[in-house]
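Visitor: Mind having a look at this structure? Questions to follow.
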Amino acid sequence: MNINGMGTTGYPAWQGARRTRQNAAGKSFAAQMNNVAGAKPHTSIVYMKTDDMLYSGGNGTGLSFYIKYAESSTEDDPTVIAKGVDENGNEFEQTIHINKINPKCATVVEMRALEAHLSVDKNGGLSSLPPETGEMGLHDRADFMDMFQKQISDMRLLGQQKLVAYYQYSMQAYWDFMNRK
């Protein structure tokens, strides 16, 4: 039984927890801090948006990129080029055919391309996409339609009717795109 911070042996419960954390890590706090001090600093790359870019931005993982229409892009086959650095700092370049994007199984880069191509209203913000996209890496795929439905449900639960309406509007733009194919 643990009452008022006392463990079963009469010692404060935090002493055993601290010992367990130290043993689990296998290193003292000082050794862990020395590892952090020796780590390379994380640098981020930011692409400044130019007139020929559809999108420029990134997310909280360190993923940073910009999107432009490809020279080969046509009205029947809109195609974009995405260039940037992934969450590990590695450069990438992708060719994305807009008509092949499936919002039920897409990457955040594909969805940013689709968002820009469709000119989905960003409601004065940075994105029409749910906040979870801020945690996605370059190759992570997600069902964005489920993400929208979860966000709508959460906002409804919180009584945020304006956000409910906004995410419904955004989700509808992507449903319309899928139904047009």
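The values are calculated or read from the model by the stated rules, or taken from the named source; none is laboratory data. Bear in mind the structure is a predicted one, so any value in this text is a computation, not a measurement. Here Cβ is always computed from backbone atoms with ideal geometry, including for glycine, and neighbour counts include all displayed protein chains. We work out accessible area using only protein heavy atoms, side chains counted, and drop any ligands, DNA or RNA first. Shrake-Rupley method; radii C 1.70, N 1.55, O 1.52, S 1.80 Å.
Visitor: Scan segment 107-136 for residues that are out of contact with any strand residue (DSSP E or B) (no Cβ under 7 Å at 6 or more places or on another chain) and aliphatic (A, V, I, L, M) and report the count.
Guide: Looking only at that region, the number is 6.
Visitor: Between a residue in segment 160-181 that is open to solvent by less than 90 Å² (accessible area, probe 1.4 Å) and any residue that is part of a helix (DSSP H, G or I) and β-branched (Val, Ile, Thr), which pairs come within a Cβ distance under 9 Å, given they are 6 or more apart or on different chains?
Guide: Close Cβ pairs satisfying both conditions: Leu163/Ile152; Val164/Ile152; Tyr167/Ile152; Gln168/Ile152; Met171/Ile152; Phe177/Ile98.
Visitor: Applying the selection to segment 107-140, what residues are open to solvent by less than 60 Å² (accessible area, probe 1.4 Å) and of a type in the set (A, V, I, L, M, F, W, C)?
Guide: Matches in segment 107-140: Val108, Val109, Met111, Ala113, Leu114, Ala116, Leu118, Val120, Leu129, Met136, Leu138.
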